[in-house]
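Undergrad: Submitted below is the structure of interest, expressed as C-alpha cells.
The values are calculated or read from the model by the stated rules, or taken from the named source; none is laboratory data. Small disclaimer: the values here were computed from a predicted structure and weren't measured. Cβ coordinates were reconstructed from backbone atoms using ideal geometry, including for glycine residues, and neighbour counts include every protein chain displayed. These area figures cover heavy atoms from the full protein model, side chains too; ligands, DNA and RNA do not enter into them. Shrake-Rupley method; radii C 1.70, N 1.55, O 1.52, S 1.80 Å.
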Amino acid sequence: MKTGHPFIKALKKPIAVCGHFRYNVHYEETIVFLERTVIVLDKKEADTRPDGSERYYLVREDILPEALVKTVHAKELLARGEVKTIHEAVEQVELSRSAFYKYKDGIFPLSKLERERIVTISMDLEHRSGILSRVLAMIAGLEGNVLTIHQTIPLQGVANVVISVETSLMIETVVTMLERLRNQDGVSRAVLVGQG
C-alpha cells in the first residue's frame, strides 16, 4: 500500500491533543515518527467588563514574562534620559522592538500608577498603647494624607485597622510605605487591599 511518502506505510491518526498542539503518529514497520501540528486558536478579545471598562491586575515582577519586565526597564531608561531612542533602549535591555511596541502601553510600574491615588491598607496591630498613633505619625511623615480609619475591637491582643491614604503628595512609594509599616513596632501585618 503506497501512501505518497516513502517512509510512511500506514495511516496518519491523531494520538493526543495537549494544549495548543495535536500530535500525530506515522508507522513504518518498527519506526514511529511524531509530528506536531500547531492548532491556531482564534484571538481572544480584550478582557473587558460588561460595561466596557478594562480590567487591571497587580502582579509580582518575578512571575511576569521576561518580555514584560524588559519593556518596563526600557521605558525607565527612556524616562530617565539614559538613552535617547527606543532603538537604544531595547538594544540595551536585549528586547525586540516589536515586543516593546506590543507591551509598552499595557504595563506600568506600581510607583507610576500610585501617584494621585487613594490606597487602602489593612493592618493587624498589637493591642498596646501608642501603636496606632505611631503608625499614623509615620504615614504623615511620608506626606501621606490619612482619610479614613476603621478599627475593630481587639481580640486576643490584636486589632485589625483599615486605613485609606491619599498618596499624591507622598515622598516615597506605596511599596516603601508598606515595608516601613511592616517593620514598625507592634505591626504584625500590613497589606495593600485596594487603590483607586
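Undergrad: More than 28 Å from the chain's Cα centre (by Cα), under 22 Å from residue 183 (Cβ atoms) and not hydroxyl-bearing (Ser, Thr, Tyr): is that true of residue 156 in this structure?
TA: Numbers: more than 28 Å from the chain's Cα centre (by Cα): yes; under 22 Å from residue 183 (Cβ atoms): no; not hydroxyl-bearing (Ser, Thr, Tyr): yes.
It is false that residue 156 is more than 28 Å from the chain's Cα centre (by Cα), under 22 Å from residue 183 (Cβ atoms) and not hydroxyl-bearing (Ser, Thr, Tyr).
Undergrad: Name the residues in the stretch 159-196 that are among the hydrophobic types (A, V, I, L, M, F, W, C) and surrounded by fewer than 15 Cβ atoms within 10 Å (Cβ to Cβ), would you?
TA: Those that are among the hydrophobic types (A, V, I, L, M, F, W, C) and surrounded by fewer than 15 Cβ atoms within 10 Å (Cβ to Cβ): 169, 171, 175, 191, 193.
Undergrad: Next up: Scan the stretch 170-188 for residues that are in contact with a strand residue (DSSP E or B) (Cβ under 7 Å, 6 or more places away or on another chain) and assigned to a loop (DSSP other than H, G, I, E, B) and jot them down. Walk me through it before giving the result.
TA: Step one: filter the stretch 170-188 for residues in contact with a strand residue (DSSP E or B) (Cβ under 7 Å, 6 or more places away or on another chain), giving 174, 178, 181-182, 186-188.
Answer for the stretch 170-188, where residues must be in contact with a strand residue (DSSP E or B) (Cβ under 7 Å, 6 or more places away or on another chain) and assigned to a loop (DSSP other than H, G, I, E, B): just 186.
Undergrad: Still on this structure, please answer the following. Quick test for you: out of 148, 152, pick the one residue that is farther than 30 Å from residue 55 by Cβ, of a type outside the set (Asp, Glu) and open to solvent by 40 Å² or more (accessible area, probe 1.4 Å).
TA: Details: 148 fails: farther than 30 Å from residue 55 by Cβ.
Answer to the selection: 152.
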